[in-house]
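Below you'll find the structure, written out as structure tokens, and then a few comments.
The values are calculated or read from the model by the stated rules, or taken from the named source; none is laboratory data. These numbers come from a predicted model, not from an experiment. We place every Cβ from the backbone using ideal geometry, glycine too, and count neighbours over all the protein chains shown. Heads up: the accessible areas ignore ligands, DNA and RNA and are worked out on the full protein's heavy atoms, side chains in. Shrake-Rupley method; radii C 1.70, N 1.55, O 1.52, S 1.80 Å.
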Amino acid sequence: MDTIRLDESQIAQAAAILRAGGLLGIPTETVYGLGASGLDSEAVGRIFQAKGRPQDNPLILHIPSADWLEKYCKGIPPAAYALAERFWPGPLTMVLRRAEMVPDVVTAGLDTVGMRCPAHSLCRAVIAAAGVPVAAPSGNTSGRPSPTTAEEMLQDMDGKIDAILDGGPCAVGVESTIVDLTGETPRLLRPGGITLEQLESVLGHVTVDAAVTEQLKEGERPRAPGMKYRHYAPKAPVTVVTGEPAQSAAYIAAHACAGDGVLCFDEYAHLFPGCTVERLGSAERPEEQARHVFGALRRFDGTAVSAIWAQCPHSEGMGLAVANRLNKAAGFHIIYAGEGEA
Ligand code: AMP
Ligand code: MG
């Protein structure tokens, strides 16, 4: 099929594609999504086909305002309303008990559903015009880094989706934070655009699921099905180096071979002559790193590098989300550069 490029003047056309059961590349503030009507099982099935996504990995339902929550969820706890009040529209997904009308294919058969109200104005306008919740995962081929521009999404999806709505580069650059509100205490399943510290300012203590910072052990069942899959990975193997930025940079400079790829903080980019260097942003600014991390990982695929070294930020604020994406891209192949214990 020919994938049509749409712009902001074509919201009605984009909405019509969703209503007709088509696949739409849709801009959000986090990453580009691959959207379909969340009430149309066949259309949602085509999302899995286009991405090559495993059937047991559920999708997030996107809604234009918090007052749609009651249509698709039941037993909504007060914490959900408190979070919606504070962070919606925005990069936060809440896992809640699902209502019967949500198709099984959206939730991969779980009795819970991930709900999000995005902050991108075009995205909300399309969903409101379509009048249906939009089921959408990130718009990449399964396993690859998520797209943060329409061009990046077309690298993976040109010819596989009906249309893409170009909303410009994504402002956040990593996916939404996912918090599960169905257990005894709130649990962070994926760090993202809303920080753990921000969540805790509303919820009190939030448990961080082990899969955020560690590889799942053999045979272990993840809380979020997506956690068990290799993710965000460029073609060449990635090694993450943690520790103080000056030390991780020195470690990489000492170990990288000529022709290797290096993903580093701006301050250290001059230390790797002979390597293919991509910049994450300043070591001091994890928000900037979040905007750059996926594009940089993708650009290595257009080069001949056979190994990639990546500096990694500390896990505070947005640093937790950036570190999570890098660690997953590396299959948790992590080296600590520095004195003493990691
Ligand atoms: P993506 O948008 O590509 O990041 O995919 C959506 C993410 O949300 C995946 O990691 C899913 O595993 C996760 N997710 C969606 N629905 C649920 C749910 N009901 N419970 C736990 N995780 C979910
Ligand atoms: Mg994804």
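The residue that is farthest from ligand 2 (Cβ to nearest atom), counting only those in region 107-136 that are assigned to a loop (DSSP other than H, G, I, E, B) and open to solvent by 10 Å² or more (accessible area, probe 1.4 Å), is Gly131.
Just checking, which of Arg221, Arg230 is among the basic types (Lys, Arg), within 16 Å of ligand 2 (Cβ to nearest atom), at pLDDT below 95 and surrounded by fewer than 16 Cβ atoms within 10 Å (Cβ to Cβ)?
Every option except Arg230 fails the conditions.
For Val95, the criteria (1) more than 26 Å from Gly204 (Cβ to Cβ); (2) surrounded by 18 or more Cβ atoms within 10 Å (Cβ to Cβ); (3) within 16 Å of ligand 2 (Cβ to nearest atom) hold in every case but one, which is (1). Scanning region 251-274 for residues that are open to solvent by less than 60 Å² (accessible area, probe 1.4 Å) and either touching a helix residue (DSSP H, G or I) at 6+ places or on another chain (Cβ under 7 Å) or β-branched (Val, Ile, Thr) (or both) turns up Ile252, Ala253, Gly261, Val262, Leu263, Cys264, Phe265, Tyr268, Phe272. Filtering region 173-192 to residues that are within 14 Å of ligand 2 (Cβ to nearest atom), aliphatic (A, V, I, L, M) and assigned to a loop (DSSP other than H, G, I, E, B) leaves only Val174. When the residues of region 128-140 are filtered to those that are over 14 Å from Gly295 (Cβ atoms) and within 11 Å of ligand 1 (Cβ to nearest atom), the one that is farthest from the chain's Cα centre (by Cα) is Ala135. Between Val293, Val277, the distinction of being open to solvent by less than 70 Å² (accessible area, probe 1.4 Å) and touching a Lys or Arg at 6+ places or on another chain (Cβ under 6 Å) belongs to Val293 only.
Per-residue answers, yes or no, for (1) part of a helix (DSSP H, G or I); (2) over 13 Å from Leu326 (Cβ atoms):
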| residue | (1), (2) |
| --- | --- |
| Thr239 | no, no |
| Gly259 | no, yes |
| Leu263 | no, no |
| Glu267 | yes, yes |
| Glu278 | no, no |
| Ala283 | no, yes |
| Glu287 | yes, yes |
| His292 | yes, no |
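Can you tell me which of Asp40, Asp56, Asp104 is open to solvent by 10 Å² or more (accessible area, probe 1.4 Å), within 16 Å of ligand 2 (Cβ to nearest atom) and in contact (Cβ under 8 Å) with a residue 60 or more places away in the chain? Only one candidate passes the filter, namely Asp56. Residue-level analysis places Tyr251 among those that are over 21 Å from the mean Cα position of the chain (by Cα) and among the hydroxyl-bearing types (Ser, Thr, Tyr).
The numbered conditions (1) part of a helix (DSSP H, G or I); (2) out of contact with any helix residue (DSSP H, G or I) (no Cβ under 7 Å at 6 or more places or on another chain); (3) open to solvent by 30 Å² or more (accessible area, probe 1.4 Å); (4) of a type outside the set (Val, Ile, Thr) are all true for Asp156 except (3).
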